[in-house]
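The values are calculated or read from the model by the stated rules, or taken from the named source; none is laboratory data. Predicted model only: the values in this text are computed from it and were never measured. Here the Cβ positions follow ideal geometry from the backbone for every residue, glycine too, while neighbour counts run over all protein chains shown. Note: areas computed on protein heavy atoms with side chains; ligands, DNA, RNA excluded. Shrake-Rupley method; radii C 1.70, N 1.55, O 1.52, S 1.80 Å.
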Amino acid sequence: MPAVFLKDRSLLFVSGAEAQSFLQNLITTDIAALGADEARPGALLTPQGKILFDFMIWQDRDGYTIETDAGQRDGLLKRLTMYKLRAAVTLAPSTEEGVTVSWGEDAEGARGSQGARGSQGSRGSQGALGSQGARDSRFAKAGVTLTRRAGRQGDGAEALYDALRIRHGIVTSGSDFALQDAFPHDVLMDFNGGLSFRKGCYVGQEVVSRMQHRGTARRRVVTVSAATDLPGTGTEITAAGKPVGTLGSVDGGNGLAIVRIDRAGAAMAAGTPLLAGDTPVSLVLPAWSGLVFPASADEASA
């Protein structure tokens, strides 16, 4: 399987004696539970509980590497700097651009042949975990071994990675949801290791904890399929003329969407066709989430 270079990803490093506590009190991810070679999703939320920045994070020797969209990095760095105050923390962008993702035999081969972390000099040129890579916990939930490594270390087509994401119900901001418009539950962070309900307070924690305990999350990621090519990203999905959700990433007849599962479930139970524009579609919740469509409003609020 391929190794794909994602040119629009950027890295920054968080290090120092208080790096763990600094991040633990800010972001959704439980940093203390992060495995040594594990990359988990995370987010910095607004006080209202919506995703302000989203990223992947993993351990990197004396600190942590954060991988985010290139367009978000400077804003995220500025926001983290604002929270830093007098904490013993160093924040620094990487000099290396882009990230390579590998899966299947390429992922295992890269890890086996590269050995331990860090044989080169500076953090900026070496990147996270050296050439070894960190395993993406989102794909692990779906039974796929995928690693993330700094810099260009492959030449596979980016469309291959997008197709893999779509197949397994793994979203990305920009293509699948807008920042400051989605809650972590909307993008399945409560199931993929990116949202902690046990570690204590962080920005927006009260809102997402209330959603969790009351079971009020209604918007969820689904995979979308059609007998023909799907229309473009941003197309509305409807049932009997009423909106259910919006298409995100599209790969031919397959795609992702964030939908109201109560409305979609009721439509499916009643045999009402679901349409993306004028195209009939089927919706499936990712198997790794364990979620099912509620068949009625009463079931949705149970």
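Summary of computed values
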{"read-out": "Phe53 aromatic (Phe, Trp, Tyr), in contact with a Lys or Arg (Cβ under 8 Å, 6 or more places away or on another chain), open to solvent by 10 Å² or more (accessible area, probe 1.4 Å) and under 23 Å from Val171 (Cβ atoms)", "value": "yes"}
{"read-out": "Inter-residue pairs, beta-carbon under 6 Å, first over 21 Å from Ala39 (Cβ atoms) and in the range 180-199, second open to solvent by less than 10 Å² (accessible area, probe 1.4 Å), 6+ apart", "value": "Phe183/Gly49"}
{"read-out": "Unmet criterion (only one of (1) within 28 Å of Leu160 (Cα to Cα); (2) surrounded by fewer than 19 Cβ atoms within 10 Å (Cβ to Cβ); (3) not charged (D, E, K, R)) for Leu256", "value": "(2)"}
{"read-out": "Condition met for Val208 (in a strand (DSSP E or B) and β-branched (Val, Ile, Thr))", "value": "no"}
{"read-out": "The range 1-50 - residue that is over 18 Å from Ser209 (Cβ atoms) and charged (D, E, K, R) and, of those, farthest from the chain's Cα centre (by Cα)", "value": "Glu18"}
{"read-out": "Gly245, sole failed condition from (1) within 18 Å of Val187 (Cα to Cα); (2) assigned to a strand (DSSP E or B); (3) open to solvent by 30 Å² or more (accessible area, probe 1.4 Å)", "value": "(3)"}
{"read-out": "Options Val171, Val203: the member that is in a loop (DSSP other than H, G, I, E, B), touching a residue at least 24 places away in the same chain (Cβ under 8 Å) and touching a helix residue (DSSP H, G or I) at 6+ places or on another chain (Cβ under 8 Å)", "value": "Val171"}
